[in-house]
């Protein structure tokens, strides 16, 4: 018996999905827009989000370093975005509209941030690695580096996905 091949999302539908995820992340989640988050990559296993340093994000006026709350606010949704991309890979037969409805059921249930170095740099890039993608709960690990590639912070999070 020959196994049935898995459905594959068309290139056009994949573009629509990536545009919808980017719009959701950068514009519809207004807090992300205020902070200036920009999706840098939506490739499975390579989800990255960038933020440029600006005066409004400084946490310590004497050093000009990125505020710890901004770091946390960046790593949490980056982990969620990584999980959304992994879920899209798991459900390639769904249209963009069907898939985007999954976001309404997604929420952070646990978050841990480890601040390793001062947030100094011209810009920062957060990345996410999905460590578990279950039917109800998913987990990811996140990293934040500055423009020189120095590791600034790491995070781990769990999300309800059903």
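Computed from the coordinates by the stated procedures, all read-outs in this text should not be read as laboratory data. Bear in mind the structure is a predicted one, so any value in this text is a computation, not a measurement. Methodologically, a virtual Cβ is constructed for each residue, glycine included, from the backbone with ideal geometry; neighbour enumeration extends over all protein chains shown.
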Could you work out the Kirkwood radius for the stretch 122-162, taking every pair of different alpha carbons, averaging 1/r and inverting it, reported in Å? 11.1 Å
At R0 = 30 Å, how high is the FRET efficiency between residue 131 and residue 11 if r is their beta carbon distance? Nearest 0.05 is fine. 0.55
Mind checking the full-extension length gain between residue 23 and residue 56? Use 0.36 nm per residue of separation minus the Cα-Cα distance, one decimal, nm. 9.6 nm
Taking a spot 7 Å from the Cα of residue 151 along the direction of its beta carbon, which residues of the stretch 41-56 have an amide N less than 20 Å from it? 45-51
Within the stretch 120-162, the residues whose backbone N lies under 16 Å from a label point placed 7 Å from the Cα of residue 89 along the Cα-to-Cβ direction are 127-135, 138-142
By per-residue mean of other Cβ atoms within 10 Å, what is the highest-first order of 55-65, 123-133? 123-133, 55-65
On the first, second and third principal axes, largest extent first, how far apart are the outermost C-alpha atoms of the chain in Å? 67, 27, 26
For the chain: relative contact order, % (alpha-carbon pairs under 8 angstrom, 6 or more apart): 23 percent
